[in-house]
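Written below as structure tokens is the structure these notes are about.
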Amino acid sequence: MERYLWCRELWNRCLAACPACDAVMEGRRHTASVSAIAGGLARLRGEDEELARIAGLLHDLWAVETGIRKEHAHRGAERARELLESACSAGKTQKQSGGACCSVMGAGKEATQEELVAEENTVSFTKEEVDEICAAIYFHSDKHLVHGPQAEILKDADLLDRFLDCPDYDPGSKSTERLARLRAELGDLQLAARRLVQD
């Protein structure tokens, strides 16, 4: 889970640069919750828990940073790719040069991509892992369609988070089949979401 912890630190740095407001606080809560639920679902389904947690953590980062919801899944996948690929290139640069990345963030200063990469980065992702995380984020709003295992985990975790505070949540007609599958798999959705967050 070292890569997840590294991504969580990066996520914290990105959100620290956002203005303190209710939307950012809710975005922080939601993405952390989706990450935990995604990890639990991945364990239940025999998929990679770390990748699921990372996808959950990063899935709405672009929307939280910008305040824009339109096309947030597609733009969020681009943002996640930038961050994950910066980790890979920073790790390679460090290994080649033996140096550490600069990650100084001054108060009120907009951070560059390089500054967001944590010091002494030792994490790396394969191209396939980056592609899998970004595909899950890209497709997470298409809840009426079926995609790969990580995308399905993220869609389900995103939907389940809504049941934590509102057991009568109505996600709309496009998610009817998904809800039926989740109820068959997990039973009561609010209880399942609470259990997955606590695991």
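Readers should treat all values here as calculations from the given coordinates under stated rules, not as data from a laboratory. All of these numbers come straight from a predicted model, not from anything done at the bench. Every residue, glycine among them, receives a Cβ derived from its backbone with ideal geometry; neighbour counts consider all protein chains shown.
What does the charge count around V64 come to, taking other residues whose C-beta lies under 12 Å from its C-beta (Lys +1, Arg +1, Asp -1, Glu -1)?
With Lys, Arg at +1 and Asp, Glu at -1, the neighbours total +1.
Could you list I153, I68 so that the one with the fewest beta carbons within 10 Å of its beta carbon is first and the one with the most is last?
Fewest to most other Cβ atoms nearby, the residues stand as I68, I153.
Once the other residues with Cβ under 13 Å from the Cβ of V24 are scored (Lys, Arg +1; Asp, Glu -1), what is the net sum? Can you show the working numbers first?
Values: positive: R28, R29; negative: D22, E26, D60, E65.
With Lys, Arg at +1 and Asp, Glu at -1, the neighbours total -2.
State, to one decimal in nm, how far the label point of D199 lies from the label point of R181, with both points 7 Å from Cα in the Cβ direction.
If labels sit at D199 and R181, their model points lie 1.7 nm apart.
For the range 1-87, go through all pairs of different Cα atoms, get the mean of 1/r, take its inverse, and jot down that Kirkwood value in Å.
Taking every pair of different Cα atoms in the range 1-87, averaging 1/r and inverting gives 13.0 Å.
Considering only the other residues whose Cβ falls under 13 Å of the Cβ of F163, what net charge follows from Lys and Arg at +1 and Asp and Glu at -1?
Counting the neighbours of F163, the net charge comes to -2.
Need one number: nm distance between label points at C166 and R43, each 7 Å from Cα along Cα→Cβ, rounded to one decimal.
2.8 nm
What order, most packed first, do the peptides 174-184, 138-148 have when packing is the mean number of other Cβ atoms within 10 Å of each residue?
Descending packing order for the listed peptides: 138-148, 174-184.
Tell me, in nm to one decimal, what length is gained between A20 and I68 on full extension, where the rule is 0.36 nm per residue of separation less the Cα-Cα distance? Display every interim value, and only then the final one.
Values: separation 48, 0.36 × 48 = 17.28 nm, distance 1.60 nm.
Contour length minus the Cα-Cα distance gives 15.7 nm.
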